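Before we start, here is the structure in question, set down as structure tokens.
The values are calculated or read from the model by the stated rules, or taken from the named source; none is laboratory data. As the structure is a computational prediction, the values presented were derived from the model and not from experiment. All Cβ positions, even for glycine, are placed from backbone atoms using ideal geometry, and neighbour counts span all protein chains on display.
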Amino acid sequence: MISIEVDGRKIEAEEGAMIIEVADANGITIPRFCYHKKLSIAANCRMCLVEVDGVRKPLPACATPISDGMVVKTGSDMAQGAQKSVMEFLLINHPLDCPICDQGGECELQDLAMGCGGDVSRFTEGKRAVFDTDLGPLIETEMTRCIHCTRCVRFGREIAGIREMGATGRGEHMEITTFIEKSVDSEVSGNIIDLCPVGALTAKPSRYRARAWEMTQYDSVSPHDCIGANLHVHTHRNQVIRVVPKDNEAVNEVWLSDRDRYSYEAVTMPDNDNRRLLEPMMKINGEWQPTDWETALEKAASKLNMLAQTDGPEHIGAISSPSATTEEMYLLQKLIRGLGSNNVDHRIRISDYSMQENESLFPELSIELSELEALDACLLVGSDLRKDQPLAALRVRKATRHGQIAIINARKLYNNFNVLHEIEATPDDWLQQVAGVAKYLLDEAMASEDVSADSLGYEGFDVLLKDINVEQAHINIAKMLTKAEKTGVVLGLSALEFSHAATLRMLCRAIAGLSGATFGIMTHGGNSAGAYLAGAIPHRGPGGADVEEGGQTAQQMLSEGKKAFILLKTEIGKEAVNAEQAKASLQASEFVVALSSYTDDEAFEYADIILPIASYLESPGSYVNVNGHWQDFNACVSAPGQAKPAWKVLRVMGNLLELKNFDYVSAQDVMQEVKGRMGAVGDRIKSRWQCPESLPNEGFCPERLNIYQVDCWTRRSKALQKTALAKGQEDLKRPKLSPFHNILGGV
């Protein structure tokens, strides 16, 4: 630590820190445009010029490291004069668009022009104008407003890992544009809107819909993946206008994926283009007719009760989306178990449930998201982070600056980070490829300690692996893990959906244990962890409580069929692993009640009653992310028509069925009851080793869901559906960038 003086204040700071970093940490404001704490230093806007004693000219605070005894003046005549001159240059060509610009009211240029600019312009010549480039359906451009801070360029190079935008020309003729005539197709492209300090880049879906000062801000959580990105939701007149990131270094830093940012279109869209279900619907004599809530709920309750009495409760099943709230899934399982059935599940994308009794309390990453970037080595198995958890991919990309990444997948992936070792297996030999790494590690451990596999805690593992051939690729990955200090093994969604997922999971768990790595799982939806804790699984109750007799899994229910189904926020025909079989099973059932926010043509084919429920921004609740962090939120807007929060609908159904303890007043009451069932969560159920019976030479990987088809909300976002990613037309084979090509830093 060294001592410096800033505006008369003595400050202790780390040697090598930049003046602007020290000032920010101590609440001292220095104007800036190009500087951003998450990006490399460009020092090209010159707005942060300050005076330093002993130096004749002002220095850029963003690019000047501190030294012991340095005296800095941010508001001296020299500093203010320099800042005013820079502002005058910036405003020479900037158009007077403030009355119509979407950035107006929250524009950094507006704010600094008021504080540092002059009141009269000396410039009388014609202003420069720039042709706009169409960057796609998500980002609107007005490049005449651009001040060349290059934040958007650096974001693509350094954070997103896709070099799509750059600067062409020099001086007066410099332009920020795409390198070739194409749209910006990154899955995190919307972040350049937040980074842009002016109105050059704005959100296209919300263009001209409201001014910044007219909107009300609410906090929420994204439901689309297990990260649980924190959101600021901006509303106006009960309409969601836009979504921007809420800073949370432990979860999403300052970023959002485009899926998190634009899916709000499914919630509020003019003229009901998103086909919201506005009133209860009931099938009467084969025809769909609108009805009232009382009639629909009484019909649903009486039919479920009758089937439970006549055919037995084991013939009733409940299936939830993994993105339903913890409260909703808790009440769903409480209702179905109140009828006497344990047939409840949320794992609609999983087909192999063997060894589920040996799973931990809930599938978790086991390493904080913020620590992913600190890993020295990481093995990714069946994980397409770019599409499944885009914000986690940004963390892993950071790790590649100092660490190494290996991948074993059953299909070719195009990542936004460098991969040292990659094995592209087929579904038939995927287990053998992973087993090769495990065998090498097991043999090394047994040889070094002169013990058996049983003594190491992997009973029967050596016998299972005796016929596995260890190749050099397996050895390379194993050595990468054992030589590094901080390591991880992460299982992704493709691995969870694999036909032998349980065996694959045990192999990866063994690799982690034998190499000293942390084992983690990236799960489906926004609340798989919450589903486990709430008891929305057939083999355990809330908080991991034992059940007398386990129920059937989602796959078993949909393959064997049930007399009655309750569906919560899921569109089975678009989400199940075997969608056609699932739809046939639902159509063959005697009674199906669906709780949905939307009119779904497939649901009209198999459902008997469809109840309109509030969407994710219209109802309070909580999600538990992959690290086990509870994140609760309130409604941002009210639901349209007669739609009600799902937890209220389930509560009333419980009351009509005369089930005990369904007298909740608020979603918070439900959440407190769920938490009360937890106890010492981390100590009660830990994963246990179970040696797989065999390593099959065949396997099946179902077709993956498109990044913008994962749930009912992304499917109904018009902007997302217009993107190249949604159409499967994105250019995945982008050339890998060398650090030498990046003149602005990064990797």
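Would you be able to say whether some residue in region 443-450 is of a type outside the set (Asp, Glu) and either buried (at least 22 other Cβ atoms within 10 Å of the Cβ) or part of a loop (DSSP other than H, G, I, E, B) (or both)?
Looking for residues that are of a type outside the set (Asp, Glu) and either buried (at least 22 other Cβ atoms within 10 Å of the Cβ) or part of a loop (DSSP other than H, G, I, E, B) (or both), one finds none in region 443-450, hence no.
Which of (1) crowded, with 18+ Cβ neighbours inside 10 Å; (2) within 30 Å of residue 391 (Cα to Cα) does residue 464 not meet, given it meets every other one?
Here residue 464 clears every test but (2).
Suppose the filter is assigned by TED's automatic domain parsing to the domain that holds residue 568 and within 22 Å of residue 571 (Cα to Cα); does residue 286 pass it? Before the answer, list the steps.
Details: assigned by TED's automatic domain parsing to the domain that holds residue 568: yes; within 22 Å of residue 571 (Cα to Cα): yes.
Against the criterion (assigned by TED's automatic domain parsing to the domain that holds residue 568 and within 22 Å of residue 571 (Cα to Cα)), residue 286 qualifies.
Yes or no, residue by residue, for (1) without any contact (Cβ under 8 Å) to a residue 60 or more places away in the chain; (2) under 36 Å from the mean Cα position of the chain (by Cα); (3) in the same structural domain as residue 150 (by TED's automatic domain parsing); (4) not in a loop (DSSP other than H, G, I, E, B):
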{"position": "11", "(1), (2), (3), (4)": "yes, no, no, yes"}
{"position": "23", "(1), (2), (3), (4)": "yes, yes, no, yes"}
{"position": "30", "(1), (2), (3), (4)": "yes, yes, no, no"}
{"position": "50", "(1), (2), (3), (4)": "yes, no, no, yes"}
{"position": "63", "(1), (2), (3), (4)": "yes, yes, no, no"}
{"position": "84", "(1), (2), (3), (4)": "yes, no, no, yes"}
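Moving on to the next point. Right, residue 496: crowded, with 21+ Cβ neighbours inside 10 Å, within 16 Å of residue 359 (Cα to Cα) and in contact (Cβ under 8 Å) with a residue 24 or more places away in the chain or not?
In short, yes.
I've got another one for you. Before we move on, is residue 160 surrounded by fewer than 19 Cβ atoms within 10 Å (Cβ to Cβ), of a type in the set (A, V, I, L, M, F, W, C) and in contact with a helix residue (DSSP H, G or I) (Cβ under 8 Å, 6 or more places away or on another chain)?
no
What number goes with the only condition from (1) more than 16 Å from residue 198 (Cβ to Cβ); (2) surrounded by 21 or more Cβ atoms within 10 Å (Cβ to Cβ); (3) of a type in the set (Val, Ile, Thr) that residue 168 does not pass?
(2)
Now a separate question. Do we have any residue at all in region 120-131 that's in contact with a Ser or Thr (Cβ under 7 Å, 6 or more places away or on another chain) and more than 28 Å from residue 708 (Cα to Cα)?
Yes - at least one qualifying residue is present in region 120-131.
Follow-up. Output yes when any residue across region 22-37 is modelled with pLDDT of 95 or more, out of contact with any helix residue (DSSP H, G or I) (no Cβ under 7 Å at 6 or more places or on another chain), more than 30 Å from residue 119 (Cα to Cα) and charged (D, E, K, R), and no when none is.
Checked region 22-37: at least one residue is modelled with pLDDT of 95 or more, out of contact with any helix residue (DSSP H, G or I) (no Cβ under 7 Å at 6 or more places or on another chain), more than 30 Å from residue 119 (Cα to Cα) and charged (D, E, K, R).
I'd like the residue in region 253-308 that is among the polar types (S, T, N, Q) and at pLDDT below 95 and, out of all such residues, is farthest from the chain's Cα centre (by Cα).
Residue satisfying both the conditions and the ranking: 285.
Also: For region 595-684, please list each of the strands (runs of 3 or more DSSP E) lying entirely inside it that holds at least 2 residues being surrounded by 24 or more Cβ atoms within 10 Å (Cβ to Cβ), of a type outside the set (A, V, I, L, M) and outside the structural domain of residue 251 (by TED's automatic domain parsing).
So the answer is 621-624.
For region 501-518, which positions are outside any helix (DSSP H, G or I), surrounded by fewer than 23 Cβ atoms within 10 Å (Cβ to Cβ) and on the phi < 0 side of the Ramachandran plot?
Result: 518, single match.
Quick one: what pairs do we get from region 554-571, first residue of a type in the set (Val, Ile, Thr), second in a helix (DSSP H, G or I), C-beta under 8 Å, 6+ apart or different chains?
566/304; 566/332; 566/335; 566/336
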